[in-house]
């Protein structure tokens with residue numbers, strides 16, 4: 001929920017500077033939310049004492065998703081790439097803001 005709130009605030013603030021291109025923050029933010037969900041599902045599947053697998057499909061799928069999101073933004077423009085990156089970086093910022 002905090003990720004969605006931060007993404008919406010960033011989009012509103014950046015729309016003052018980039019107008020409609022600020023919607024690329026939402027594009028990256030969608031990737032961040034899907035990444036959080038994917039990571040949570042992968043953690044739920046882990047069991048204590050189980051032998052770790054060498055190939056983690058969830059890990060590769062998340063980074064493939066991030067690559068596709070940034071690739072589509074890069075095809076559009078450099079500003080779109082930067083703003084999509086800002087949306088994706090929320091994946092790393094929100095855990096620091098949520099520290100208890």
- Rounded to the nearest whole Å³, what is the per residue volume of the convex hull around the Cα atoms of segment 2-97? 94 Å³
- Query: What percent do you get for the relative contact order of the chain when only Cα pairs under 8 Å and 6+ apart count?
  - Reply: 43 percent
- Message: Take residue 65 and residue 33, extend 7 Å from each Cα along the Cα→Cβ direction, and tell me the distance between the two endpoints in nm.
- Response: 1.2 nm
- Relative to the longest principal Cα axis of the chain, at what angle does helix 2-18 sit, 0 to 90 degrees, rounded to 10? 20 degrees
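Laboratory data are not the source of any read-out in this text; all were calculated from the coordinates shown. Worth saying up front: this structure is predicted, and the values here are computed from it rather than measured. Glycine also receives a Cβ, built like all others from the backbone with ideal geometry; neighbour counts cover every protein chain displayed.
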